[in-house]
2 protein chains.
Amino acid sequence: MKKDHKDVSMAVIRRLPKYHRRLKELMEKDVTRISSKELSGMIGFTASQIRQDLNCFGGFGQQGYGYDVSELYTEISRILGLTEHYNTVIVGAGNLGQAIANYSNFEKKGFHVLALFEKNPRLIGLKIRDVPVLDIDELEEFAKNKSVDIGVICTNSENAQDVADQLVKLPVKAVWNFAPVDIILPENIVQENVHLSDSLFVISYLLKMQRDEQQNP
Amino acid sequence: MKKDHKDVSMAVIRRLPKYHRRLKELMEKDVTRISSKELSGMIGFTASQIRQDLNCFGGFGQQGYGYDVSELYTEISRILGLTEHYNTVIVGAGNLGQAIANYSNFEKKGFHVLALFEKNPRLIGLKIRDVPVLDIDELEEFAKNKSVDIGVICTNSENAQDVADQLVKLPVKAVWNFAPVDIILPENIVQENVHLSDSLFVISYLLKMQRDEQQNP
């Protein structure tokens, strides 16, 4: 019995990929069944948190028997939309754009990269795996009669908003932004930002704490 | 008056880079003063949350006057350890490693990339900006008599744990891991993981929700 999960909080949703990753690791180790307590030890959330999270999507485990690893993995894949197909374009074919186009694992999960777009003539014409790097001026024409689900922004900060506006016009349904600025999109478009510096600055915070402690123990 | 901030929660720490980013944007727009309410509108946290967060590090704002943007930016930079210097090595000089080495903004914030390390002979000998790509077998020798603060893992999943073990031996104080696996490190080493798929899978979740709603409105 599946619950309607329209009202699941973003905090729960953001934890789902972590469950997905851990369950995959368990499957690779041929573990077939796991309790919320064992999963808790692996994943760092409390057992009660895990039960609550999974209950948002209907009950999976059986009291006293734990979760069937492969079944739960399949269900979470389905909930995360990883059994669907998503057409993707990447704007910016520099190192980062190429790195993302090269992640064969994304392709396996249903994210199909149609093309990369670039304004640098030295990159236009390249192929990354089998995906062509096209002129950014061809984006609109290219997207005609195609349904593009996700636009990935791998440009620098200065161009990010312009690119976002172009993607919105195609239209795309979601923007995955790697440029280190916050872009503005219409509300109906899904936006995910990957700000690498946010993660790096947590490291520097913790290292500075260590230094301070060593100097003033 | 600064409070001792040893006990600040990771949730607060993870919000600090976002404040930092927004304050920089305000400075670029020549905004000199902002209330927690205005900041709340920009940043999406409640005004009360913002006041609480900033109070963890001593009071910055003045009741009724708001925050001095530039002063708060400087203070948050200092708290985040961005006034310090960090020696960094990147292992894996593929597209992702090169992309990170190319972020000149990280250099400006004190993260100095000493070298990239790679096992692919076609990449060894390259220079990314002025940073050399060296043979991974030279890592240990290279790090002798140097203090390496941060090791960045940009290899594939299969090699990530081996690389992590090598970095621990140097030793490094922190590991910034981009490989899509969870690596195991001694507890005294700071670990930050960037799992790009976690972010992508939130997009697919939200797109699938939209599709489901369109099919069953």
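The values are calculated or read from the model by the stated rules, or taken from the named source; none is laboratory data. Note that this is a predicted model, so its numbers are computed, not measured. As a convention, Cβ positions derive from the backbone with ideal geometry for all residues, glycine included, and neighbour counts pool all protein chains shown. Heavy atoms of the whole protein, side chains included, go into the accessibility calculation; ligands, DNA and RNA do not. Shrake-Rupley method; radii C 1.70, N 1.55, O 1.52, S 1.80 Å.
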Counting only DSSP beta bridges with both partners in chain B, the antiparallel fraction in percent, to the nearest 5, comes to 20 percent
Rounded to whole angstrom, how close does the nearest chain B beta-carbon get to the axis mapping B onto A, and which residue is it?
B:Asn95, 2
For A:Cys56, which inter-copy label distances result when the label point lies 7 Å beyond Cα on the Cα-to-Cβ vector, reported in nm to one decimal and in ascending order?
2.2
Shielding of A:28-40 by partner chains, average beta-carbon count, 10 Å:
0
Any idea how far apart A:Lys24 and B:Asn105 come out in nm if each label point goes 7 Å out from Cα toward Cβ?
2.8 nm
Sequence-separation-based contact order of chain B, relative, with Cα cut under 8 Å and 6+ spacing, percent
13 percent
Accessible area per residue in Å² at 1.4 Å probe, computed on the protein assembly as shown:
50 Å²
Could you work out the percent of alpha carbon pairs in chain A separated by over 33 Å, rounded to a whole number?
33 percent
So how far apart, in nm, are the two label points at A:Asn193 and B:Arg122 if each is 7 Å from Cα heading toward Cβ?
3.6 nm
Could you tell me the convex hull volume per residue, in Å³, taken over the Cα atoms of the protein assembly as shown?
168 Å³
List the GluC sites (Glu not before Pro) in region B:110-217 that DSSP assigns to loop (not H, G, I, E or B) and whose Cβ has at most 11 other Cβ atoms within 10 Å. Which are they?
B:Glu187
Mean ellipticity per residue at 222 nm, deg cm²/dmol - from DSSP H runs of n ≥ 4 across chain B, formula -39500 (n - 2.57):
-13500 deg cm²/dmol
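Counting only other chains, and only Cβ atoms inside 10 Å, what mean value do you get across the residues of B:92-99?
The shielding value for this peptide is 5.
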Please average, across the residues of A:8-17, the number of beta carbons from any other chain that are within 10 Å of each residue's own beta carbon, and give a whole number.
3
Given the Cα-Cα distance of B:Asn145 and B:Asp68 and 0.36 nm per residue of separation, how much length would full extension add, in nm?
23.5 nm
At a Cα cut-off below 27 Å, give the lysines reachable from A:Lys127, other chains included and same-chain residues fewer than 8 away excluded.
A:Lys108, A:Lys109, A:Lys119, A:Lys144, A:Lys146, A:Lys169, A:Lys173, B:Lys119, B:Lys127
Two-decimal Rg/Rh of region B:68-164 from alpha-carbon positions, Kirkwood Rh?
1.05
With only Lys, Arg, Asp and Glu charged, each at its Cβ (+1 for the first two, -1 for the last two), find how big the charge dipole of the protein assembly as shown is about the Cα centre; round to the nearest 20 debye.
640 debye
Exposed-loop cut sites defined as trypsin sites (Lys or Arg not before Pro) in DSSP loop states with at most 16 other Cβ within 10 angstrom; longest site-free run of chain B spans B:30-118
For B:His112, which inter-copy label distances result when the label point lies 7 Å beyond Cα on the Cα-to-Cβ vector, reported in nm to one decimal and in ascending order?
4.9
The percentage of the accessible area of chain A (probe 1.4 Å, all protein chains present) made up of carbon and sulfur atoms, to the nearest whole number, is 48 percent
